[in-house]
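S.K.: Mind having a look at this structure? Questions to follow.
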Amino acid sequence: ASTWISFRLPDGLGLADLPGQIAAAAVVHGNRVELRASAATHTLGLLTAWANARGLDLPDLEARRPSLEDIYLDLTRRA
């Protein structure tokens with residue numbers, strides 16, 4: 001099952017500044033980045049290593065499994 005990962009972009013950064021694999025899967029809403037990861041540990045590792053190497057904090061970093069309601073809404077949007 002996928003894990004939803006979200007965080008707030010640090011000031012002055014955009015989607016293009018993120019690691020390639022993360023940027024390719026991400027959607028930005030204002031300054032909030034959201035993506036789905038099938039390998040959450042790997043994706044979080046890439047993200048946190050990237051942030052640590054640049055001395056950045058990832059405000060409001062969250063990883064969660066989608067609820068049944070989230071899954072239902074996603075399926076009905078695709079139909």
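The values are calculated or read from the model by the stated rules, or taken from the named source; none is laboratory data. Since the model is a prediction, treat every value here as computed from it, not as a measurement. FYI the Cβ positions are ideal-geometry reconstructions off the backbone, even for glycines, and counts take in every protein chain you see. For the accessible areas, the whole protein counts, side chains as well, though only heavy atoms, and no ligand, DNA or RNA atoms are used. Shrake-Rupley method; radii C 1.70, N 1.55, O 1.52, S 1.80 Å.
S.K.: For the stretch 9-79, what is the largest minus smallest coordinate of the Cα atoms on each principal axis, given in angstrom and ordered from greatest to least?
M.R.: Here the spans come out as 41, 25, 21 Å, largest first.
S.K.: Accessible area per residue, 1.4 Å probe, Å², for the chain: what's the number?
M.R.: 65
S.K.: Oh, and also: Relative contact order of the chain: what whole-number percent is it, with Cα pairs under 8 angstrom and at least 6 residues apart?
M.R.: Rounded, it is 44 percent for the chain.
S.K.: Still on this structure, I have one more. Working from Cα positions, state the angle (0 to 90°, nearest 10) between the long axis of helix 68-78 and the longest principal axis of the chain.
M.R.: The answer is roughly 80 degrees.
S.K.: Turning to a different aspect of this structure: Once you sort the root eigenvalues of the Cα gyration tensor of the stretch 7-46 as a ≥ b ≥ c, which label holds: rounded (a/c under 1.5), prolate (a/b larger than b/c) or oblate (the other case)?
M.R.: Because a/c hits 1.5 or more and a/b exceeds b/c, the stretch 7-46 counts as prolate.
S.K.: Give me the net charge of Ala25's neighbourhood, meaning all other residues with Cβ under 10 Å from the Cβ of Ala25; Lys, Arg count +1, Asp, Glu -1.
M.R.: 0
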